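Notes follow the structure.
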Amino acid sequence: MVQITLPDGSQRDYPGPVTVAEVAASIGAGLAKAALAGKLAGKVVDTCHLIEADAALSIVTAKDADGLAVIRHSTAHLLAHAVKELFPQAQVTIGPVIENGFFYDFSFERPFTMDDLVLIEKRMTELASKDEPVLRRVLPRDDAVAYFKGLGEFYKAEIIASIPANEDVSLYREGTFEDLCRGPHVPSTGKLKHFKLMKVAGAYWRGDHRNEMLQRIYGTAWASKEDLAQHLKMLEEAEKRDHRKLGRELDLFHIDDHAPGLVFWHPKGWTLWQAVEQYMRKVYQDNGYQEVKGPQIIDKGLWEKSGHWDKYRDNMFITESEKREYALKPMNCPGHILIYKQGIKSYRDLPLRYGEFGNCHRNEPSGGLHGIMRVRGFTQDDGHIFCTEDQILDECAAFTQLLQKVYKDFGFTNIVYKVATRPEQRIGSDEYWDRTEQVLMESLRRSGCEFEVAEGEGAFYAPKLEYALKDALGRQWQCGTIQIDSNMPERLDAEYVGDDGARHRPVMLHRAIVGSLERFIGILIEETAGALPAWLAPVQVVVLNITDAQAEYVRTVAKTLQNQGFRVETDLRNEKITYKIREHSMQKVPYLIVVGDKEMASGAVAVRARGGQDLGVMSLEDFSQKISADVAHKSNT
């Protein structure tokens with residue numbers, strides 16, 4: 001007898017071992033048809049999985065997040081199946097699920113084209129319509145290696161050969177195609193209906209540039225036609241908002257092959273940068289942070305003591321001078337401890353908050369670079385708080401409230417909060433982890449925040465809070481973080497004198513609000529589609545003349561506004577006013593001031609707000625008050 005407990009608490013008895021599919025069928029024909037997989041003790045399994053002992057089971061359908069993952073995983077196999085039918089000489093490698101879809105890497109004699117993707121997608125649809133069962137079998141490792149070598153799938157054989165010799169491996173077959181996979185998969189290909197192939201790119205085998213360049217085909221898959229259409233619409237909108245495209249069009253920055261992964265900021269882009277940096281500098285000043293600045297190049301010995309040399313060596317830029325090895329800093333933390341250690345610190349000095357706009361460099365692989373979102377050189381609004389254990393809760397709660405205000409000022413009010421808890425490989429006692437995890441959770445409760453728990457995603461030395469922005473397209477961008485660290489102060493011998501006169505280790509809180517300024521500016525550009533609010537816009541006002549007769553008045557208006565601290569340009573070109581208005585509207589300038597003879601005679605200005613809104617004629621003083629209010633309240637026109 002096997003007893004199955006369902007999510008609603010009800011129980012069903014079966015005379016012997018029973019499959020997930022049989023349990024679903026016993027509940028109802030509708031559920032049996034919808035079933036994609038089952039979930040046992042937190043693990044997702046195939047519908048053919050045999051349950052041999054009492055268990056709690058939930059049936060996974062397309063409505064569940066686990067079901068969508070199974071659909072995407074199975075669609076990756078469907079992609080490989082179609083490629084092998086159309087291009088038999090292609091070798092399959094790996095095909096994982098990724099956010100919103102999947103990819104599969106192939107070794108092929110030439111790059112796939114977009115025309116190839118059309119053919120492959122059509123064949124995928126044909127294969128899915130056959131509704132062939134997806135069957136699982138298990139082989140000893142060495143038999144599986146021999147099997148795939150016999151098929152000419154040498155990459156797949158290499159993957160299997162890296163598995164321990166005493167382990168079995170599972171294979172999944174659909175029609176004539178069989179692939180290595182842990183599973184689970186949909187019960188039949190007919191469950192795969194709503195997918196689209198998106199693009200093709202190059203990818204090195206096993207991520208190593210010394211290996212062959214493979215062809216990576218990306219795709220997306222969804223549970224319904226409506227979900228797929230909505231996702232494609234979102235991608236279309238995201239393409240319009242792409243910060244790389246807008247960066248060129250608005251003349252903000254560029255990336256150059258002479259310095260891959262590094263940003264060349266143009267005057268307008270650097271003005272935007274400065275608006276963000278100066279705002280954050282004021283945040284530091286108003287919230288008890290002391291701004292510091294550490295060197296760019298630091299001796300290898302410090303990175304060894306901090307533990308970064310062992311963990312980040314491959315991502316560090318190394319240099320040498322006078323037989324000493326140095327690293328361009330990939331993070332600011334060790335430098336801040338060296339600053340902290342200058343002079344004796346007392347418990348009365350804590351909490352001590354350091355902030356730095358620290359320039360960091362990391363040797364990211366070229367394939368992972370993405371505009372200004374993923375670069376090799378970046379600046380963080382980096383901060384470290386040195387405090388006692390008793391101060392952690394108050395500092396974390398205050399940080400969350402500060403972060404919320406900053407994000408709101410930048411136009412972000414939808415924040416996802418996550419507590420990343422202890423990983424399997426960690427240092428410190430369970431009591432330490434229990435205490436610090438609870439402190440972080442309580443700090444969020446104090447701020448009235450609902451949060452997710454990310455099991456096992458904490459750093460090896462402590463848990464952390466992660467703050468993700470949700471943008472206008474529903475995308476999440478993890479920017480802010482605060483992490484508790486007792487490890488680095490121990491490694492680098494940081495101390496303070498307690499009220500008992502003894503030496504103690506401070507706790508170090510690593511914190512960032514916007515994170516990388518480059519990345520955050522990219523997010524801002526995409527969130528606003530380049531129409532930045534007046535307080536951030538590189539050019540806030542352009543003053544335009546209708547004829548040469550108003551040129552001097554235009555200069556006077558511009559100079560008056562500039563003297564009041566606004567970023568103003570003039571356009572005195574001998575062009576039609578409609579042409580000039582259109583051109584500056586394309587540059588997404590918040591306000592255009594048009595002056596003709598009437599405005600000049602009355603000492604007034606005609607104002608147009610972004611979006612073509614005609615605000616009419618007003619005095620320069622009234623306009624100044626209006627834009628001042630926009631900037632002060634950080635509102636968008």
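The values are calculated or read from the model by the stated rules, or taken from the named source; none is laboratory data. The structure displayed is predicted, hence computed values, not measured ones. Virtual Cβ from ideal backbone geometry, glycine too; neighbours counted across all protein chains shown.
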Practice task
Mind telling me which of the residues LEU469, LEU524, LEU473 ends up being modelled with pLDDT of 95 or more and of a type outside the set (Val, Ile, Thr)?
Solution key: LEU524
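Among the strands (runs of 3 or more DSSP E) contained in segment 374-471, which hold 1 or more residues that are closer than 22 Å to LEU352 by Cα? Before you say what the answer is, go through the steps one by one.
Working: elements: 377-387, 415-420, 451-454, 464-470.
Answer list for segment 374-471: 377-387, 464-470.
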Fill in the blank from the handout: Among LEU492, LEU544, the single one that is in contact with an Asp or Glu (Cβ under 9 Å, 6 or more places away or on another chain) and aliphatic (A, V, I, L, M) is LEU544
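Just to verify a result, which residue in segment 199-222, among those that are of a type in the set (A, V, I, L, M, F, W, C) and at pLDDT 95 or above, is farthest from ILE159 (Cα to Cα)?
Going through segment 199-222, the residues of a type in the set (A, V, I, L, M, F, W, C) turn out to be 200-201, 203, 205, 213-214, 217, 221-222.
With at pLDDT 95 or above added as a condition, the list becomes 217, 221-222.
Values: ILE217: 19, ALA221: 26, TRP222: 29 Å.
Checked segment 199-222; the qualifying residue farthest from ILE159 (Cα to Cα) is TRP222.
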Exercise for the section: Would you confirm whether any residue within segment 287-308 is free of Cβ contacts under 8 Å to residues at least 12 places away in the same chain and either in contact with a Leu (Cβ under 7 Å, 6 or more places away or on another chain) or over 25 Å from VAL514 (Cα atoms) (or both)? Expected result: yes
Practice task
For segment 433-465, name all the residues that are under 17 Å from MET488 (Cα atoms), without any contact (Cβ under 8 Å) to a residue 40 or more places away in the chain and either surrounded by fewer than 15 Cβ atoms within 10 Å (Cβ to Cβ) or more than 24 Å from the chain's Cα centre (by Cα) (or both).
Solution key: TRP433, PHE460
Exercise for the section: May I ask you to verify whether LYS39 is over 30 Å from ARG206 (Cβ atoms) and either modelled with pLDDT of 90 or more or buried (at least 20 other Cβ atoms within 10 Å of the Cβ) (or both)? Expected result: yes
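Tell me, which residue of segment 342-373 that is in a loop (DSSP other than H, G, I, E, B) and among the polar types (S, T, N, Q) is farthest from the chain's Cα centre (by Cα)?
Per the stated criteria, the residue is GLN342.
Tell me, yes or no, whether segment 590-605 has at least one residue that is closer than 22 Å to VAL406 by Cβ and either outside any strand (DSSP E or B) or at pLDDT 95 or above (or both).
Step one: list which residues in segment 590-605 are closer than 22 Å to VAL406 by Cβ, which gives 590.
If we keep only those that are either outside any strand (DSSP E or B) or at pLDDT 95 or above (or both) as well, we get 590.
Yes, because at least one residue in segment 590-605 is closer than 22 Å to VAL406 by Cβ and either outside any strand (DSSP E or B) or at pLDDT 95 or above (or both).
This table checks each residue for (1) under 18 Å from GLN483 (Cβ atoms); (2) in contact with a His (Cβ under 6 Å, 6 or more places away or on another chain); (3) among the hydroxyl-bearing types (Ser, Thr, Tyr); (4) crowded, with 17+ Cβ neighbours inside 10 Å.
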{"site": "CYS387", "(1), (2), (3), (4)": "yes, no, no, yes"}
{"site": "ILE392", "(1), (2), (3), (4)": "yes, no, no, yes"}
{"site": "ALA397", "(1), (2), (3), (4)": "yes, no, no, yes"}
{"site": "THR400", "(1), (2), (3), (4)": "yes, no, yes, yes"}
{"site": "LEU403", "(1), (2), (3), (4)": "yes, no, no, yes"}
{"site": "GLN425", "(1), (2), (3), (4)": "yes, no, no, no"}
{"site": "GLY428", "(1), (2), (3), (4)": "yes, no, no, no"}
Practice task
Scan the helices (runs of 4 or more DSSP H) fully inside segment 244-329 and keep the ones with 3 or more residues being closer than 23 Å to HIS384 by Cβ and under 25 Å from the mean Cα position of the chain (by Cα).
Solution key: 267-286, 308-312
Completion exercise
When every residue in segment 466-485 that is farther than 21 Å from ARG422 by Cα and not basic (Lys, Arg) is compared, the one nearest to the chain's Cα centre (by Cα) is TRP477
Handout entry: Of all residues in segment 502-549 being touching a His at 6+ places or on another chain (Cβ under 8 Å) and assigned to a strand (DSSP E or B), the one that is surrounded by the fewest Cβ atoms within 10 Å (Cβ to Cβ)
Key = HIS510
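If the requirement is being surrounded by fewer than 22 Cβ atoms within 10 Å (Cβ to Cβ), over 22 Å from TRP270 (Cα atoms) and over 35 Å from the mean Cα position of the chain (by Cα), which of these qualifies: ALA629, ALA604? Walk me through how you get there before you give the answer.
Numbers: ALA629 fails: over 35 Å from the mean Cα position of the chain (by Cα).
Selected residue: ALA604, the only one of ALA629, ALA604 that is surrounded by fewer than 22 Cβ atoms within 10 Å (Cβ to Cβ), over 22 Å from TRP270 (Cα atoms) and over 35 Å from the mean Cα position of the chain (by Cα).
Could you say which residue among THR19, THR113, THR47 is under 28 Å from LEU214 (Cβ atoms), of a type outside the set (A, V, I, L, M), more than 26 Å from the chain's Cα centre (by Cα) and modelled with pLDDT of 90 or more?
Working: THR19 fails: under 28 Å from LEU214 (Cβ atoms); THR47 fails: under 28 Å from LEU214 (Cβ atoms).
Of THR19, THR113, THR47, the one residue that is under 28 Å from LEU214 (Cβ atoms), of a type outside the set (A, V, I, L, M), more than 26 Å from the chain's Cα centre (by Cα) and modelled with pLDDT of 90 or more is THR113.
Being touching a Lys or Arg at 6+ places or on another chain (Cβ under 7 Å), without any contact (Cβ under 8 Å) to a residue 24 or more places away in the chain and either among the acidic types (Asp, Glu) or crowded, with 20+ Cβ neighbours inside 10 Å (or both) narrows it down to one residue among GLU490, GLU495, GLU552; which is it?
Working: GLU495 fails: without any contact (Cβ under 8 Å) to a residue 24 or more places away in the chain; GLU552 fails: touching a Lys or Arg at 6+ places or on another chain (Cβ under 7 Å).
Checking each option against the conditions leaves just GLU490.
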Completion exercise
Matching residues in segment 160-194 (surrounded by fewer than 18 Cβ atoms within 10 Å (Cβ to Cβ) and over 30 Å from LYS33 (Cα atoms)) number 8
Exercise for the section: Answer yes or no: is there a residue in segment 52-66 that is in contact with a Lys or Arg (Cβ under 9 Å, 6 or more places away or on another chain) and assigned to a loop (DSSP other than H, G, I, E, B). Expected result: yes
Exercise for the section: Examine segment 196-213 for a residue that is of a type in the set (Phe, Trp, Tyr) and surrounded by 20 or more Cβ atoms within 10 Å (Cβ to Cβ), and state whether such a residue exists. Expected result: no
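Taking the options GLN391, GLN404, name whichever one is in contact (Cβ under 8 Å) with a residue 40 or more places away in the chain, more than 30 Å from ILE521 (Cβ to Cβ) and in contact with a strand residue (DSSP E or B) (Cβ under 9 Å, 6 or more places away or on another chain).
Details: GLN404 fails: more than 30 Å from ILE521 (Cβ to Cβ).
After ruling out the rest, the residue left standing is GLN391.
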Fill in the blank from the handout: By residue number, the members of segment 249-270 that are surrounded by fewer than 17 Cβ atoms within 10 Å (Cβ to Cβ) and either among the aliphatic types (A, V, I, L, M) or more than 26 Å from ASN363 (Cβ to Cβ) (or both) are GLU249, ASP251, ALA259, LEU262, PRO267
Exercise for the section: Quick one: in segment 68-81, of everything that is hydrophobic (A, V, I, L, M, F, W, C) and either without any contact (Cβ under 8 Å) to a residue 40 or more places away in the chain or under 16 Å from GLU153 (Cβ atoms) (or both), which residue is surrounded by the most Cβ atoms within 10 Å (Cβ to Cβ)? Expected result: LEU79
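So for segment 221-233 (the condition being hydroxyl-bearing (Ser, Thr, Tyr) and either under 16 Å from MET124 (Cβ atoms) or surrounded by 13 or more Cβ atoms within 10 Å (Cβ to Cβ) (or both)), does at least one residue qualify?
Taking segment 221-233 first, the residues hydroxyl-bearing (Ser, Thr, Tyr) are 224.
From what is left, the residues that are either under 16 Å from MET124 (Cβ atoms) or surrounded by 13 or more Cβ atoms within 10 Å (Cβ to Cβ) (or both) are none.
No, there is no match, as no residue in segment 221-233 is hydroxyl-bearing (Ser, Thr, Tyr) and either under 16 Å from MET124 (Cβ atoms) or surrounded by 13 or more Cβ atoms within 10 Å (Cβ to Cβ) (or both).
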Fill in the blank from the handout: Reported set for segment 467-480 where residues are surrounded by fewer than 20 Cβ atoms within 10 Å (Cβ to Cβ) and either small (Gly, Ala, Ser) or within 26 Å of ASP430 (Cβ to Cβ) (or both) is ALA468, ALA472, GLY474
Problem - Test: ALA459 is touching a Cys at 6+ places or on another chain (Cβ under 8 Å) and either under 22 Å from ASP381 (Cβ atoms) or not charged (D, E, K, R) (or both) - result: no
